[in-house]
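The values are calculated or read from the model by the stated rules, or taken from the named source; none is laboratory data. The model shown is predicted, which means the values in this text are computed figures rather than measured ones. Cβ placement follows ideal geometry from the backbone for every residue including glycine, while neighbour counts extend to all protein chains displayed. Side chains included, ligands, DNA and RNA excluded: accessible areas come from the protein's heavy atoms. Shrake-Rupley method; radii C 1.70, N 1.55, O 1.52, S 1.80 Å.
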Amino acid sequence: MKNLFTRMRKLFLAMFAMVTVLSCTDLTIEGTDSLLQETPEFTGVEDVAGSLTSVYQATYGMLGDQANFFALNEVTTDETLVPTRGTDWSDNGIWRQLHNHTWKQDHGFILTTWNQLNGNAYRATEIIDPLSQASAQQAAEAKFLRAFNMYFVLDFWGVAPFRNATDPGSSIPTVLSSQEAYDFIVQDLNEAISDLPAVGPSAATSRASKSAARYLLAKVMLNSERYTGAAPNYGQIISLIDGITGEGYALAADYFNIFNPAVDTETIWYANESLGIGNRIWNGLHYNMTTPDNGGGGWNGFSTLAEFYDLFEGDANQNYMGSNQEERRGWVPDATTADNTSNWGIGYGFLQGQQYSGSGAALTDRSGNPLSFTKDLSLTNSNETNGIRIIKYHPNPMPPGVAGGSQSFRAHEIIFRYADAFLMKAEATLRNGGDATAMVNQLRALRGASALANVSLQDMIDERGRELYYEFWRRNDLLRFGQFTKDWEYKDPSAIGDANRRLFPIPLAALVSNPNLEQNPGY
Amino acid sequence: MKNNLLKKFLILPVFLLTVGMMYGQTVVKGVVSDSSGTLPGVSVVEKGSTNGTQTDFNGSYSITLKSSNATLVFSYLGYKTQEVAVDGKNTINVTLVEDSTQLDEIVVIGYGTTTVKDATGAVTSVSAAEFNKGVITSPEQLIQGKTAGVQITQTSGEPGAGVNIRIRGTNSVRANNNPLFVVDGIPLAEGSNTAGTDVPGVGANPSKNPLIFLNPNDIESISILKDASATAIYGSRGANGVVIITTKSGKAGKDSFEYTSQFSFSNPAKTFDLLTAQEYLSESARLGFNANDRDFGNITDWQDVIYRNSTSVTQNFAYNKGYKSGSLRASMGLSNQQGIVEKSQLKRFDLRLNWQQRLLKDKLKLTFQGTISDVDDQTPPLAGTAGFQGDLIGSAYAANPTWSSDPTFDNTGGLINPANLLANTQNTTDTNRLLFSLGADYQLTENISANVKFGYDKSNADTRGVSNSNIVAIGGGIQGNGRGTYNDFEFTNSLLEATMNYKKSTKNSTLDVLLGFSYQKFDRKGTNAQGWGFNTTDLDAMGNVLSSATNSVASQITGDYQQFAYATAFQGGNIGAGNVFVTRLQDGLPIDFVNLTTPSDLRALAVDTFDNYDELQSFFARVNYSLFDKYLLTATFRADGSTAFGAGNQYGYFPSGAFAWKLTEEDFIPDNVSTLKLRINAGLTGNQEGVGYGNAVRRTRFNGIGINEAGEVVVPGTGVVAFENQDLKWESTFQYGAGIDFGFNNDRLRGTFDYYNKSTRDLLFLIQSAQPAIQPFQFQNLPDSKIINRGIEFALGYDFVQGDEFTWDADFNIAYNYNNVESLSGEYISGAINGQGLSGAFAQNLAQGQPLFSWYVRDFRGFDAQGQPVYRNGGDPLFVGKSALPTITGGLSTSATYKNWSFNAYFTGQFGHYIYNATQNAFFTAGSFASGRNVLASTLTSGESLNAAADPSTRFLEKGDFVRLQTLSASYNVPMKESSWFDSVQLTLTGQNLLLFTGYSGLDPEVSSRTDGGLPTLGIDYGAFPNPRTFTFGINAKF
């Protein structure tokens, strides 16, 4: 018996020791479902191709949204607004503040966009870092993407924070001044142009090409006065755009067809890995406007101002076929032109007046009143039918060979378009003392608009508005033409002429995280 | 020589005994039992002497009296001591009564037990007899309101919904403020073991309460460790308090069976007074709408459509066996609980075995405690994140009452037909869980014992959410295609633990030292699948199609992978010959297009997987020292190492100390003071909940994948999930406090009073990264910021009547907590308010100088002449000096017995907080009516314009004070004849949530909708699943 006790005790003690000793661990985790970097220092991106795809996708995702980037570029202008419709679209005032220029440093879109643009730029920086051993083209693509994202940081906030990939996560990024950021972006783009492939009009333009980089460099340079104080080098801008033309890009006829997924000569860079078209289609359409793949209908938010709508030729009070409108104002299907196979009653361009279902029945709103979009609206106090709606991308029928239905949420959103490059060249010519009338009229003729007698700077920005509405550039254009602080119908009186509104405030959260940042004046 | 001496000593008593018998001294025999059977080990002592014995295994004793007019004293821990005068009797059978005064109770503390009398820390134990009655789904509900300073809030009335437990306030700015749960010595993993439920097209809901796998009927006691001296033994996981759940073990005594059965009936305690169809039309006409166009010709009460009177059934069966060297208890439970919203249900089947075996002359004790459970639950299409259409409940409030309640009715103007949503969605979770611990305890020497324990907790959860193609007016490309999610999670928590105990008593002191080591590993593995394009509308079949498609494609893939997908079309990436892409994290082919057989009954599938683990390694020690049984000292120390932190900061060190002075033992305290003890304590505890896996190392994964509205999949890129962060370390809470326990007249009047002061530092906060950065947010410790909780707790009990036939007692507790955030840079908006016109809206702000969950909204001053809202300060949101945190919480329970009857009532209350009525904000406004939605009758007489915006404001902020009659129950013990088959039969009738006293205008102030995924939110009532009123009839039989 005693033996048993002794043995049991030994066994138990052995077990006890085993538990304590054998289960001791050095507490390192293994990469069972992730790639873990062994050392704390940055040793390069683990998967350059995948990482580059991520930066494209993050950039495209940002562009597809109706809030944040799109809203900062468009809702802050005279082109579009999101009126509060009773209890709809109040959204804590976030849309009203953008349009009437009363945003503050805690505005959610400003913070999110700050994070998106800078985050994309940083991921690109990691790829560019020599430790990542990216190929020359991969590095050039990353430089192009960094330039695109950083350019909007500069454009929105007047400065750009910068962090090297090899800086520790806890380090505080430096802040590049306006001039420094401008130079940085220009250098990135020049390097990108030399290493990017030349790609003409094709399905492959969803990735960076020489022409996309030339376009962006031209855009940055055209706006240089706001960042450097110096007048742009118009000759260089024109030659950059000629370089784009030289690769086969050209103006294309059939305006709304350009925004379909098929290859055309105008699309210099488009997002194919984002589903942003849905936002562009539905953000203004009424709830009762539906397609086979979106039974929930539109979101009844975004509208345009009457004064912007009136920039277009055509009957001011209706936009059905035959209202003498130019092509770019689009048209609204009526009882005879609505159908259930190609348009589902949903029009193109600017939707004004009574709307119809695909079967041609006059639609009503949710209160049972006729669904007729009116020019008049109120920023704070609209009803369901106030405001003319904008729709540039259309829920296409499915491509040939695919069973019937619509494509409301397809990819293929245009980011850079040749018509913009063309108008930039015209503008550079005009600003450089030349005459842009012929160029502008060439475009207008293609769009079915009458010729202008003599193109002034005001004609130039109006033409850009008509051609490029909803394509991210309205704020940028108004700033370049000195019109961002002008009065428009719903702008808060305190903001009219307020030069501080030309830059957004640095988000409060960013100021807290980086003591090197200084708040912009006026906030 | 020595041996001889010993023998002589032994012979002496035998001699005396024999002589005594010869002289005819009395021998008394008998059996000691309690209400459930005989009791072994009861001490039987002749009063005033050292003459005594113990009952044997069968509860029998025999004692030879020294004096003929002796009195016998029967005592047993946990029972009232009983004295019986012998009076010439030869047989004295005694039934001991369990001691209801809490102060003698055994309290399970970390790695051991103590009694309330000897406890140095703020520790409360609630035993089975005191548990709340009625429909109890999870263990926390058993102790709701029983303990001062422990606030237990049901987040919704859904069966098995999450429960918020806050012990001494809220410390953390991360999602989880719940305490650590320890079940039979196994600390459970943080968070949930199931995927949250997701109704495609409606939104996601948080997971169910992870504790629902435990059958409340199997629980013996629940201990709550509140102060740092008590919780520091759990070190890094002790900051939010610790709740220790002990399950019922086999008792010595005869074999016995227990059967418990309950039948319950629930109905909504309150519904909204919405406009009827007729009122809706007449109000439409009055307000200038075209009533004919708003009239769809039906009369539908939508609340009737989605709410129901529900029934629940619970059956429990337990077998108890005690034998000489051990005991066991086996039990089985079966319950089926229906919620008052259609399609809400929780079914549980569980088996438990607790077994103890003593070996080697009782030196070795083996323990097995294990349970297997199968929980099947079903959740209706609800989501705290629901947008302008609302979820099932929200859409039912808003639905036009003239719509048809036919599920195919689709003329809704983009709004949801609740009947359509209900008929065409389904959300189920099937969770199997095995939890057991295996322990060996060896008494090595008289003073030293050692214990080894292995614990294992494994759960498998299969969650399916499907919406079929008959859905109308819901986005996401569901209509005409169908969409589903399938999540298969496997969580394993393994524990290895070794402790050594040294106990030494001298005349005046006792020393008790505990040394321990523990290693715990948390494995998490899972599959998240999405499917689109089903060729069936059968909801069960859709779930099966999705899971079998996932498994069938997965089985064809060779090698490791993170994701795979097939689709109607891919975006990005070059699609090769194959039709399935696979992402792989190893070098070589990171994205692989392979040619596999894809099921024909599902057009698109996207699957992501995860598989990772965390480890926790701990060394701990505790010393208890007691001098003269008056002065009690406790010191504990724990070092915890965790894989969650940076290499330099993996270990956290958590010391604590406490001192108690039992004044009752002092001569200067009068005799009628039965309890008087002063306690002081201080200690440091930690917290890492919510930090998640691998946030301190640079880690790369493929980005998430999804299927778009058109059934397309974007081929993902890779991204860095987290920065390296060598500095990331434990968040720590320093707490100090003092308490006093008192009792008079044998504790007829009894109570405790406690003060505490907690300060949480090195806050682990998901802060804004300094851009440019890899992630917009990252975890960091904020060294200077603090969250302060300080407060007082007071509990008082009194036995009003202590008669033989009639007893009546009451226990009352109340606690006050002050919460404040100090030295925090920046402001962090939170508390998302969802609904139409409320995208991106919020109502709370985290900032220094304010309590957590402070409301930050416009200050509403009424409507102007046009019916537009008027706000102070031009309509900017501001702090309004109100928070969602209650400052005062309390409970009152009273029980009375009369002969075979017993009655219990329990009231609970919370005060000082404000609730945001997001339901009203989203649905009950004039503008809502203008857009064709239904509203309350009162909505249209408020003076609000039909075109008014409804921005979040104090208009929707209401006092949350309430008092609830949570439970009222009556029990009857059926008198049993000696010859009866049954030992006892008890019948019980219980009502829950019978009365609610509140000024809150919504259905119930005690809800908290999870409205976003960032900072935690509290106090937002957004179409919450209402708390039901429940009546339960129960029977308990022992035989």
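Brief remarks on what is shown
- With contacts taken as Cα pairs under 8 Å and at least 6 residues apart, chain B reaches a relative contact order of 11 percent.
- Cut-off 12 Å between beta-carbons: net charge of the residues surrounding residue B:152, Lys and Arg +1, Asp and Glu -1: 0
- Note on residue B:729: lysines with a C-alpha under 21 Å away, same-chain residues under 8 apart excluded, are B:521, B:758, B:786.
- Most tightly packed first, judged by the mean number of other beta-carbon atoms within 10 Å of their residues, the peptides B:643-655, B:971-983, B:888-900, B:415-427 read B:415-427, B:643-655, B:888-900, B:971-983.
- Debye intensity ratio in log₁₀ form over the Cα atoms of the range B:605-726, taken at each q of 0.17 Å⁻¹: -0.96
- Rg(Cα)/(2.2 N^0.38 Å) for the protein assembly as shown, N = residue count: 1.03
- Each 5 Å bin from zero up to the one holding the largest Cα-Cα distance in the range B:330-412 carries the following percent of pairs: 3, 11, 12, 12, 11, 9, 8, 7, 6, 6, 4, 3, 3, 2, 2, 1.
- Applying the Karplus relation 6.51 cos²θ - 1.76 cosθ + 1.60 with θ = phi - 60° to the range B:1031-1038 yields 3J(HN,Hα) values of 10, 10, 10, x, 10, 10, 10, 10 Hz, where x marks Gly and Pro.
- Shielding score for A:359-365, defined as the mean number of other chain Cβ atoms within 10 Å: 1
- Projected label points at residue A:456 and residue B:313, each 7 Å from Cα along the beta carbon direction, are separated by 8.7 nanometres.
- Highest to lowest packing among A:287-295, B:514-522, B:90-98, scored as the average C-beta count within 10 Å: A:287-295, B:514-522, B:90-98
- Cα-based radius of gyration of chain B once divided by 2.2 N^0.38 Å, which approximates compact folds: 1.03
- Computed over chain B, the per-residue total of -39500 (n - 2.57) for DSSP H runs of n ≥ 4 gives a 222 nm mean residue ellipticity of -2500 deg cm²/dmol, rounded to 500.
- Förster-model FRET efficiency, 56 Å R0, residue B:456 and residue B:47, C-beta, rounded to 0.05: 0.65
- For chain A, carbon and sulfur atoms together expose 53% of the accessible surface, with a 1.4 angstrom probe and every protein chain in place.
- Using a cutoff of 8 angstrom between alpha carbon atoms and counting only pairs six or more residues apart, the relative contact order for the range A:428-523 works out to 14 percent.
- Protection proxy ranking for A:193-205, B:476-488, using the average of other Cβ atoms within 10 Å per residue and placing the highest first: B:476-488, A:193-205.
- Net length gained if the chain between residue B:330 and residue B:981 were fully extended (0.36 nm per residue, minus Cα distance): 232.3 nm
- Percent of alpha-carbon pairs separated by more than 16 Å within the range B:221-295: 76
- Virtual spin-label span in nm between residue B:807 and residue B:557, 7 Å along Cα→Cβ: 6.3
- Cα-based helix-to-principal-axis angle, B:277-286 vs chain B, degrees rounded to 10: 50
- Volume per residue that the Cα convex hull of the range B:72-210 spans, once the total is divided by residue count, Å³: 161
- Positive minus negative residues near residue B:782 (Lys, Arg vs Asp, Glu; Cβ under 10 Å): -1
- Cβ-Cβ distance of residue B:777 and residue A:174, R₀ of 25 Å, FRET efficiency by 1/(1 + (r/R0)^6): the value works out to about 0.70.
- In percent, rounded to a whole number, the relative contact order of the range B:772-865 is 21, using alpha-carbon pairs under 8 Å and six or more apart.
- Its Kirkwood hydrodynamic radius, worked out from the mean inverse distance over all distinct Cα pairs, puts chain A at 25.1 Å.
- Length released on extending from residue B:510 to residue B:434, taking residue separation times 0.36 nm less the Cα-Cα span: 23.4 nm
- With the convex hull constructed from alpha-carbon coordinates only, the range B:263-390 shows a mean projected area of 12.7 nm² over all directions.
- Average projected area [Cα convex hull, the range B:956-1039], square nanometres: 8.2
- Inter-site label distance for residue B:672 and residue B:749 at 7 Å from Cα along Cβ, in nm: 0.8
- The residue A:41 and residue B:249 beta-carbon pair, evaluated with R₀ = 45 Å, returns a calculated FRET efficiency of approximately 0.25.
- Amide H partners (placed H, <5 Å) of residue B:674, local residues excluded: B:743, B:744, B:745, B:746, B:747
- Exceeding the 18 Å Cα-Cα cut-off - candidates B:80/B:117; B:248/B:899; B:133/B:899; B:29/B:251: B:248/B:899; B:133/B:899; B:29/B:251
- Considering every alpha-carbon pair of the range B:600-672, the percent of pairs per 10 Å bin, from zero through the bin containing the longest distance, is 14, 22, 17, 15, 13, 9, 5, 4, 1.
- Eligible lysines near residue A:219 by straight Cα distance, threshold 26 Å, same-chain separation 8 or greater: A:143, A:210, A:392, A:425, A:486
- Interface area, chains A and B: about 7900 Å² of buried accessible surface, summed, with a 1.4 Å probe and ligands, DNA and RNA left out.
- Taken residue by residue and averaged, Cβ atoms of other chains lying within 10 Å of the Cβ of A:116-122 number 4.
- Charge dipole (Cα centre; +1 on Lys/Arg Cβ, -1 on Asp/Glu Cβ; no other charges) of the range A:387-443 amounts to roughly 160 debye.
- Straight-distance crosslink candidates among aspartates and glutamates, where the alpha carbon sits under 17 Å from residue A:491 and sequence neighbours closer than 8 are dropped: A:74, A:78, A:79, A:307, A:376
- Principal axis extents of the C-alpha atoms in the range A:243-321 (largest first, rounded to whole Å): 45, 34, 21.
- Degrees, to the nearest 10: B:2-22 long Cα axis against longest axis of chain B: 80
- Within 10 Å of the Cβ of each residue in B:717-729, the mean number of Cβ atoms contributed by other protein chains is 6.
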